[in-house]
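For reference, the structure discussed in these notes is given below.
The values are calculated or read from the model by the stated rules, or taken from the named source; none is laboratory data. Because the structure is a prediction, the values reported are computed rather than measured. For neighbour counting, all protein chains shown are included, and Cβ atoms are generated from backbone atoms with ideal geometry for every residue, glycine included.
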Amino acid sequence: MQTISNDIYNRIDNQFYNAEKDIWWNENEFLSLLKTSFNPCRFGYFLKHYTGILKQSAKGKTALDVGCGGGVLAEEFAAAGFTVTGIDPSENSIKTAINHAKKSGLSIHYETGTAEQLPYPDNSFDVVYCCDVLEHVRDLNKSIAEISRVLKPGGVFFFDTINRTFLSKLIIIKIWQEWKSTALVQPGLHVYEMFIKPAELKELCFAYGMEIKQLKGMSPNVNPIKLVGLLRQRAKGKLTYAEFGKKVKMKESNDLNVGYMGYAVKQ
Ligand SMILES: C[S@@+](CC[C@H](N)C(=O)[O-])C[C@H]1O[C@@H](n2cnc3c(N)ncnc32)[C@H](O)[C@@H]1O
């Protein structure tokens, strides 16, 4: 993958995540879909692999959430027994995450910072995860280098991101973002050129001493026609985000053409 130019990076609206209100847990905000539609699939997959396949226990293990936003995924890891640290460039998202963890009675350490410059010593964490973030960062190369650096040898890197294909352009850019009759999010949240092909991520992880062991698709549990119908209802205001989230859930699949997740192990 080529380095992202300033022209491309200037098109992504990462400032959106710094809104001065709770855009993460309020079920009238589309980011609440990360919890309702995405977490069961991705967190279910991560935990299943950590405990089932890798035969590790979450208890007493340290986990770093890179690009934690409002803590929607960090709280799942903490509730499962990990000692979690969350880092994100958005001060307001970090404030939301701190306040929500208090309400949930969870002890999570949150701070501001970027994936490109993680303020932790080498070999600090048993697990590092970075979900729906790699396609947002200024420098993917540096971010992967930093993730590997702070991960302990034998530690596990979990991720999810978006492939760069004709289909991902159609679904994520056109249908989810640009076409008013179906849009779920506003323009600028994702930029097609920043999407990452699985082979590029594999190569990059390998270059920094992490081997990707498995990749799986994340696909909606409804067929494309039904999905477009539900998106149209949502766009017309006939369905709230909460109602949409109850009807559309991501599921693990073998189709890597749009969203995909997986894990790598550090040598
Ligand atoms: C779509 S949200 C994902 C939030 C969370 N990981 C989740 O999946 O629930 C993208 C997040 O990436 C963060 N982000 C953007 N650029 C980043 C960077 N260079 N390093 C770390 N996080 C970044 C944003 O502030 C935002 O919180």
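Pick out the one residue from Asn18, Asn92, Asn14, Asn99 that is out of contact with any strand residue (DSSP E or B) (no Cβ under 6 Å at 6 or more places or on another chain) and more than 10 Å from the ligand (Cβ to nearest atom). Outline the logic, then answer.
On the way: Asn18 fails: more than 10 Å from the ligand (Cβ to nearest atom); Asn92 fails: more than 10 Å from the ligand (Cβ to nearest atom); Asn14 fails: more than 10 Å from the ligand (Cβ to nearest atom).
After ruling out the rest, the residue left standing is Asn99.
Pull out all pairs, ordered by first then second residue, where Cβ-Cβ is under 8 Å, the residues are six or more apart or on different chains, the first lies in the stretch 18-34 and is β-branched (Val, Ile, Thr), and the second is within 10 Å of the ligand (Cβ to nearest atom) and not in a helix (DSSP H, G or I).
Ile23/Gly70
Could you list, in sequence order, the residues of the stretch 120-135 that are within 16 Å of the ligand (Cβ to nearest atom) and more than 20 Å from Ala78 (Cα to Cα)? Give the derivation first.
We begin by selecting, within the stretch 120-135, every residue within 16 Å of the ligand (Cβ to nearest atom); these are 120, 125, 127-135.
Once the filter is applied, which keeps residues that are within 16 Å of the ligand (Cβ to nearest atom) and more than 20 Å from Ala78 (Cα to Cα), the stretch 120-135 yields Leu134, Glu135.
Determine, yes or no, whether Ile23 is within 13 Å of the ligand (Cβ to nearest atom), farther than 30 Å from Asn221 by Cβ and surrounded by 19 or more Cβ atoms within 10 Å (Cβ to Cβ).
Values: within 13 Å of the ligand (Cβ to nearest atom): yes; farther than 30 Å from Asn221 by Cβ: no; surrounded by 19 or more Cβ atoms within 10 Å (Cβ to Cβ): yes.
Considered against the rule, which asks whether it is within 13 Å of the ligand (Cβ to nearest atom), farther than 30 Å from Asn221 by Cβ and surrounded by 19 or more Cβ atoms within 10 Å (Cβ to Cβ), Ile23 comes out as no.
Please specify each residue of the stretch 176-218 satisfying the condition of being at pLDDT below 95 and among the polar types (S, T, N, Q).
Gln186
Name the pairs: first residue in the stretch 87-110 and closer than 9 Å to Gly71 by Cβ and of a type in the set (A, V, I, L, M), second residue part of a helix (DSSP H, G or I) and within 12 Å of the ligand (Cβ to nearest atom), Cβ to Cβ under 8 Å, at least 6 apart or on different chains?
Note: pairs meeting the criteria are Ala97/Ala74; Ala101/Ala74; Ala101/Glu75; Leu106/Glu75; Ile108/Ala74; Ile108/Glu75; Ile108/Ala97.
Could you list, in sequence order, all residues of the stretch 114-172 that are free of Cβ contacts under 8 Å to residues at least 60 places away in the same chain, aliphatic (A, V, I, L, M) and more than 30 Å from Gly60 (Cβ to Cβ)?
Leu170
For residues that are part of a loop (DSSP other than H, G, I, E, B) and within 11 Å of the ligand (Cβ to nearest atom), scanning just the stretch 62-82, find the one that is surrounded by the most Cβ atoms within 10 Å (Cβ to Cβ).
Among them, the one singled out is Gly70.
Please go through the stretch 26-56 and pick out each residue that is in a helix (DSSP H, G or I) and either more than 13 Å from the ligand (Cβ to nearest atom) or loosely packed, with under 15 Cβ neighbours inside 10 Å (or both). It would help to see each step written out before you state the result.
The first filter runs over the stretch 26-56 and keeps only residues in a helix (DSSP H, G or I), leaving 30-53.
Result: Pro40, Gly44, Tyr45, Leu47, Lys48, His49, Tyr50, Thr51, Gly52, Ile53.
Which numbered condition trips up Lys59, out of (1) surrounded by fewer than 15 Cβ atoms within 10 Å (Cβ to Cβ); (2) in contact with a Leu (Cβ under 6 Å, 6 or more places away or on another chain)?
In the conditions (1) surrounded by fewer than 15 Cβ atoms within 10 Å (Cβ to Cβ); (2) in contact with a Leu (Cβ under 6 Å, 6 or more places away or on another chain), Lys59 misses (2) alone.
How many residues does the stretch 181-206 contain that are free of Cβ contacts under 8 Å to residues at least 60 places away in the same chain and of a type in the set (A, V, I, L, M, F, W, C)?
3
Considering the stretch 145-185 alone, what residues qualify as being among the aliphatic types (A, V, I, L, M) and touching a strand residue (DSSP E or B) at 6+ places or on another chain (Cβ under 8 Å)? I'd like the intermediate steps shown before the answer.
Narrowing the stretch 145-185 to residues among the aliphatic types (A, V, I, L, M): 145, 147, 150-151, 156, 162, 167, 170-173, 175, 183-185.
Once the filter is applied, which keeps residues that are among the aliphatic types (A, V, I, L, M) and touching a strand residue (DSSP E or B) at 6+ places or on another chain (Cβ under 8 Å), the stretch 145-185 yields Ile147, Val150, Leu151, Val156, Ile162, Ile172.
Give the number of residues within the stretch 45-67 that are farther than 14 Å from Ser93 by Cα and touching a residue at least 60 places away in the same chain (Cβ under 8 Å). Don't jump to the end; show me each part of the working.
First pass over the stretch 45-67, keeping only residues farther than 14 Å from Ser93 by Cα: 45-64.
Checking which are touching a residue at least 60 places away in the same chain (Cβ under 8 Å) leaves us with 45-46, 49-50, 54, 56, 61-64.
Qualifying residue count for the region: 10.
Starting from the stretch 254-267, keep only residues that are polar (S, T, N, Q), then list their pairs with residues that are surrounded by fewer than 17 Cβ atoms within 10 Å (Cβ to Cβ) whose Cβ atoms are within a distance under 7 Å, requiring at least 6 positions of separation or different chains.
Asn257/Thr165; Asn257/Leu167; Gln267/Pro153; Gln267/Gly209; Gln267/Glu211
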